[in-house]
Amino acid sequence: MQRIECRLIEMNECAEHIWHVRLAPAQAVTFKPGQYLQVIMGDKDKRPFSIASWPTREGIELQSGAMPGNAYPGGVLERLGQTG
C-alpha cells in the first residue's frame, strides 16, 4: 500500500450530515473511479473512504455521511479539521 500525505484544501457540509472534503496530495496519485483510500488514524485504525473525484481532476475529493454521534466518519472529519 502506498502512503501519501495530503493537505486539506476544503471541507464543508454540502447537505445535512453529508460532508465534502478536498485534499491536495503531496505527490501525484493515480487511481480509478470507485477506488478507496484509507485515512490513517493510528497504527491499527485505518478507515476506508470512497474517492468521489475523477482521476483527471487535480487533488482528491471525498464525500462522507457523518451523523451526529457516529465517531467512525466523525473522528476523521474532526482530525482533518484540526490539521487543515
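What follows is calculated from the coordinates using simple rules that are stated; it is not laboratory data. None of these values were measured; they are calculated from a predicted model. Here the Cβ positions follow ideal geometry from the backbone for every residue, glycine too, while neighbour counts run over all protein chains shown.
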In the neighborhood of residue 40, defined by Cβ-to-Cβ distances under 13 Å, what is the net charge if each Lys or Arg adds +1 and each Asp or Glu adds -1? +2
3J(HN,Hα) from dihedral phi, the stretch 71-80, Karplus parametrisation 6.51/-1.76/1.60, rounded to Hz, x for glycine, proline: 6, 4, x, x, x, 5, 4, 5, 5, 4
From the C-alpha coordinates alone, can you work out the Kirkwood hydrodynamic radius of the chain, in Å? 13.2 Å
